[in-house]
1. Looking at HIS136, HIS107, HIS111, HIS154 in this structure, which one is at pLDDT 90 or above and either in contact with a helix residue (DSSP H, G or I) (Cβ under 8 Å, 6 or more places away or on another chain) or under 18 Å from ASP50 (Cβ atoms) (or both)?
2. Give me the residue from the range 56-98 that is in contact with a Lys or Arg (Cβ under 7 Å, 6 or more places away or on another chain) and polar (S, T, N, Q) and, out of that set, farthest from TYR150 (Cα to Cα).
3. Return the total of residues in the range 36-69 being part of a helix (DSSP H, G or I) and closer than 19 Å to MET89 by Cα.
4. Does the range 70-90 hold any residues that are small (Gly, Ala, Ser) and assigned to a helix (DSSP H, G or I), and which are they?
5. Does at least one position in the range 60-80 carry a residue that is surrounded by fewer than 19 Cβ atoms within 10 Å (Cβ to Cβ), at pLDDT below 95 and among the charged types (D, E, K, R)?
6. Does the range 159-189 hold any residues that are surrounded by fewer than 18 Cβ atoms within 10 Å (Cβ to Cβ), out of contact with any strand residue (DSSP E or B) (no Cβ under 9 Å at 6 or more places or on another chain) and not in a helix (DSSP H, G or I), and which are they?
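The values are calculated or read from the model by the stated rules, or taken from the named source; none is laboratory data. What you see is a predicted model, and the numbers here were worked out from it, not measured in a lab. Backbone-built Cβ (ideal geometry, glycine too); neighbour counts: all protein chains shown.
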Amino acid sequence: MLRDAGWKPRRTIVWCSWDAEEYMLLGSTEWAEQHDHLLRNRAVSYINLDSAVSGGLRGFGAQATPQFDDLIRDVAKTVYDPEGEYDSMYDAWKAKQNMPLPSSSGHSAEHDSAAGPEPQVGRLGSGSDYTPFIQHLGIPSVALGYSGEYPVYHSQYDSLYWMENFGDERTENCPTGFCRHAAISTYVGALVMRLADDKVLPFNYTNYAVVMRGYADDCAPPPLLPVCVSACLSADCGILHSARTVAIASQHALCCCALQSMSYAQCNTQTRRVASVMPLATPGSLSALSTTPSPALTVSSPRSPPR
């Protein structure tokens, strides 16, 4: 219809259908490798529809690289809820995300769609045809669809009959059936329009920076326990007065290493000395191992011993 009206996208749209997904993502991987140079230089996004509809219990959901997050939510606000219970796909997505999963299909529309945070977009790993595009070529990617209980997956019962009666069945609000398919098609069409025709790509790379910072924080050493401070400030640095085992002594020696910003070599030496003490040693017998704490107890992460 748009083409007949004279519309042409600013960016080329390529529709792909892959073979051999279960055989090591063979079709998509071979195509991506064959067109490696072209894709690296010109491709701006990849949309994955491996399982566009596999039920409705969990509703709509998406996983993507972080720059997609705002766009995914914005497009969901423009598409109707196929269940007919909320004003938009976005409202239904947010409501289902903020409620426990019911024991049977469907849920009450009495839940406040404005309650709770905005719906969250998951992250992509591997296991579907987006893998060569994101992992090999670094192309921004998104996978999305409706999901629910899907016990027939990879079985002979995964059929048109199952979809007609369970996956996208007729309901009071959907007398024809396949309303989730229609809604996800509408959503993908709107998403493709934005990606293909916006003058500036609708990506928010601030989200990417925030997510990467979160990953970095997750990899940072855990904060030192208050007990480490107590051990380090005690007369017998490296062991608490109540400690009676080599394991506990070694643990608190490591704490002291961090608190006093010892070098890695110094810390190893200190830990070995404490670990060499026999079990049931008394604090007094370790007085020779004590070191004077620094006046300012600052922790220097680069010099902290590995855990």
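1. It is HIS136.
2. SER88
3. Final tally of qualifying residues: 2.
4. Scanning the range 70-90 gives a single hit, ALA76.
5. For the range 60-80, residues surrounded by fewer than 19 Cβ atoms within 10 Å (Cβ to Cβ), at pLDDT below 95 and among the charged types (D, E, K, R): absent.
6. Scanning the range 159-189 gives SER159, GLU169, ARG170, THR171, GLU172, ASN173, PRO175, THR176, GLY177.
For (1) within 30 Å of HIS154 (Cα to Cα); (2) out of contact with any Gly (no Cβ under 7 Å at 6 or more places or on another chain), each residue gets a yes or a no:
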{"residue": "LEU2", "(1), (2)": "no, yes"}
{"residue": "GLY6", "(1), (2)": "no, yes"}
{"residue": "ARG11", "(1), (2)": "no, yes"}
{"residue": "ASP19", "(1), (2)": "yes, no"}
{"residue": "THR29", "(1), (2)": "yes, yes"}
{"residue": "GLN34", "(1), (2)": "yes, yes"}
{"residue": "ARG42", "(1), (2)": "no, yes"}
{"residue": "ASN48", "(1), (2)": "yes, yes"}
{"residue": "SER54", "(1), (2)": "yes, no"}
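For (1) at pLDDT below 55; (2) out of contact with any Pro (no Cβ under 6 Å at 6 or more places or on another chain); (3) assigned by TED's automatic domain parsing to the domain that holds ARG123, each residue gets a yes or a no:
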site: LEU191; (1), (2), (3): no, yes, yes
site: ASN207; (1), (2), (3): no, no, yes
site: PRO221; (1), (2), (3): no, yes, no
site: ALA247; (1), (2), (3): yes, yes, no
